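Below is one structure, written out as structure tokens, with a few remarks after it.
The values are calculated or read from the model by the stated rules, or taken from the named source; none is laboratory data. Since the model is a prediction, treat every value here as computed from it, not as a measurement. Note: ideal-geometry Cβ built from the backbone for every residue, glycine included; neighbour counts use all protein chains shown. When the accessible area is computed, the model is the full protein with side chains, heavy atoms only, and any ligands, DNA or RNA have been set aside. Shrake-Rupley method; radii C 1.70, N 1.55, O 1.52, S 1.80 Å.
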Amino acid sequence: EAGTAYLDAPESMAGGGSPNVQVRTLAGSHSAWGFSNGGASAARFGSATGVAVDRAGNVYVADATNNAIRRIGANGLVSTVAGSATGGSGTVDGPGNSARFNLPFGVAVSADGTTLYVTDFSNCLIRRVALTGSDPTNAADWTVSTIVAGGSGKAPGPGNSAKIYDPWGICMDPNGTLYFTEMLGERVDRLQLDRK
């Protein structure tokens, strides 16, 4: 088991690393950053900061300086779900190919891979990215909406009035409740989604 391997490798506690772990590049290159889709070795990212995986093995990445959310399919192909490096930053809801973010840092995904939640750091927003078409590799088949938009500050409450300050990491528990951190807000928040 992975846990046993870790416990059997005291050198990892001393900063020496563990021979029981292998690091492999899934997509992108350590020697070149940019914004391109395609095969794993040809794809490029700019400041990949957050990652989440659905149950089918598709990986979703918050590509912060490209102001985009990217998808690494289980087949290894990289596509853009929403946002664009060439479109610049902003706060625009709508189809994924025209939506805009400003430093999206964190991403969480539903188990079925049809709904993403993104911490939009510099906009101080939480965004939802939902698959509304049939092709998850086509940004036009995703739709971005803002679910927490009360503005910058420190005040809990409903999504249209809660104030958050530089949201960073985000995750979803098995019941669909979201948890996110605020870097300058110095808080951990729980976001309960209305299922009605």
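Structure above, values below:
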read-out	value
Qualifying positions in the stretch 87-121 - within 15 Å of Gly46 (Cβ to Cβ), within 15 Å of the chain's Cα centre (by Cα) and open to solvent by 40 Å² or more (accessible area, probe 1.4 Å)	Asn102, Leu103
Tabulated pairs, the stretch 108-136, first more than 14 Å from Asp54 (Cα to Cα), second part of a loop (DSSP other than H, G, I, E, B) and acidic (Asp, Glu), C-beta under 6 angstrom, 6+ apart or interchain	Phe121/Asp166
Failed criterion for Gly169 (all others in (1) of a type in the set (Gly, Ala, Ser); (2) touching a strand residue (DSSP E or B) at 6+ places or on another chain (Cβ under 6 Å); (3) more than 24 Å from Ser84 (Cα to Cα) hold)	(3)
Check on Thr132, farther than 18 Å from Arg187 by Cβ, open to solvent by 40 Å² or more (accessible area, probe 1.4 Å) and under 15 Å from the mean Cα position of the chain (by Cα)	no
Residue in the stretch 168-176 that is part of a strand (DSSP E or B), of a type in the set (D, E, K, R) and open to solvent by less than 80 Å² (accessible area, probe 1.4 Å) present	no
Criterion violated by Gly113 - all others in (1) out of contact with any Asp or Glu (no Cβ under 7 Å at 6 or more places or on another chain); (2) closer than 26 Å to Gly28 by Cβ satisfied	(1)
Subset tally (residues that are touching a residue at least 24 places away in the same chain (Cβ under 8 Å), touching a strand residue (DSSP E or B) at 6+ places or on another chain (Cβ under 8 Å) and in a loop (DSSP other than H, G, I, E, B)) for the stretch 43-72	6
Residue within the stretch 79-86 that is surrounded by 23 or more Cβ atoms within 10 Å (Cβ to Cβ) and of a type in the set (Gly, Ala, Ser) present	yes
